[in-house]
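Data first, discussion second: the structure below is written as structure tokens.
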Amino acid sequence: MQTEETVTKTKKGRKALCWVLGITLSVGSILGGLQLGCMRSETAFQHFTPDYAKIDLMPLLEKEQRTDEEYETLYRQTGLTRLGIDGLLADGKLVKILEIQRIFFEKKTLTVDNFAPFTYDYETDVYMPMAKLEDGDIIVTSTTWFSWWRYGHAALVVDGENNQILESISPGTVSKFNKAQTFQDLADFMILRPKADIATKASVVEYAKQEMVGLPYRLTIGILSKKYKEDGVKGTHCAHLVWYAYKRFGVDLDSTGGGVVKPRDMAVSDKVDLVQAYGFDLDGLWG
């Protein structure tokens, strides 16, 4: 016959087992859901390719001046805005514009790159040339997903002449310098130019280079800790890094003002100008 003590121990053991099984099932369900989100990746993304005719751009590019309508035509043919077109022409890069047009109209083969647990992005089999980068520019892409969540990625241009960026990539890493070329084989990207003066942008870049390198990746900034601190932050993520560096100097690029700033929040901000769009529907962009 079981003693009262034995019965009590048995009940406690069963409760503990139930807790373990419950936690295991919960964790398993979460992981299964995350994996299911990754499994849908093959059909989750659409890369924009024009469904209208490609035209000869030379008559427009060889002109000394172009009308607004002509810049609109160039945008539709290349994804380059007036800023993008004029920047490349000023550097004598007319041929580069034609190469951008060629790839803009070319059909692409998309692949999925799982670069972290439940995290992946979409890449193509070609590299799209970029517009001329300036210090303080922002590069964003919508191709990065965490399971079901299309979060995107962002980086700050800290040396436009040498195509150097500063970015915070994924959990388990720290913010670091990289090359802008890492965006060129992604299935979409945009180059954004904040509407700030040169002095402000220089201050933003210098602060980022001095204070925001080597910070651990923390997606919970704005949820479990303050989004902005006057004395600096001890962690960041891709969009937060860019937003925080500008916020330090009075430029708030978060169009929604939410707790967590996302790449899209900056892409749709009225405080930035578009320089180049690739892989996005030119009418909707990331709207």
| task | Find the residue count for region 179-202, including only residues that are within 24 Å of residue 79 (Cα to Cα) and either without any contact (Cβ under 8 Å) to a residue 40 or more places away in the chain or open to solvent by 60 Å² or more (accessible area, probe 1.4 Å) (or both). | result | 4
| over 26 Å from residue 287 (Cα atoms) and assigned to a loop (DSSP other than H, G, I, E, B) - does that describe any residue in region 80-88? | no
| Residue match in region 245-256 (condition: among the acidic types (Asp, Glu), touching a residue at least 60 places away in the same chain (Cβ under 8 Å) and either closer than 26 Å to residue 282 by Cβ or open to solvent by less than 40 Å² (accessible area, probe 1.4 Å) (or both)) | no
| said: Among (1) without any contact (Cβ under 8 Å) to a residue 24 or more places away in the chain; (2) open to solvent by 30 Å² or more (accessible area, probe 1.4 Å); (3) not aromatic (Phe, Trp, Tyr), there is one condition residue 281 misses while meeting the rest; what is its number? | reply: (1)
| field | Evaluation of residue 109 against (1) open to solvent by 70 Å² or more (accessible area, probe 1.4 Å); (2) at pLDDT below 95; (3) within 29 Å of residue 196 (Cβ to Cβ) (one fails), failing number | value | (3)
| field | Filter result for residue 82 (free of Cβ contacts under 8 Å to residues at least 60 places away in the same chain, in contact with a helix residue (DSSP H, G or I) (Cβ under 6 Å, 6 or more places away or on another chain) and open to solvent by 70 Å² or more (accessible area, probe 1.4 Å)) | value | yes
| field | Residue list for region 131-169, restricted to those being of a type in the set (Ser, Thr, Tyr) and open to solvent by less than 10 Å² (accessible area, probe 1.4 Å) | value | 141, 142, 143, 147, 168
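Residue-wise test of (1) assigned to a helix (DSSP H, G or I); (2) closer than 30 Å to residue 108 by Cβ.
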residue: 230; (1), (2): no, no
residue: 239; (1), (2): yes, yes
residue: 245; (1), (2): yes, no
residue: 254; (1), (2): no, no
residue: 259; (1), (2): no, no
residue: 265; (1), (2): yes, yes
residue: 276; (1), (2): no, yes
residue: 285; (1), (2): no, yes
| query | What is the one condition in (1) part of a helix (DSSP H, G or I); (2) more than 23 Å from residue 283 (Cβ to Cβ); (3) of a type outside the set (Ser, Thr, Tyr) that residue 92 does not satisfy? | reply | (1)
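The values are calculated or read from the model by the stated rules, or taken from the named source; none is laboratory data. Predicted, not measured: the structure shown is a model, and the values here were computed from it. All Cβ positions, glycine included, derive from the backbone under ideal geometry; neighbour counts span all protein chains shown. These accessible areas exclude ligands, DNA and RNA; they are computed on the full protein's heavy atoms, side chains included. Shrake-Rupley method; radii C 1.70, N 1.55, O 1.52, S 1.80 Å.
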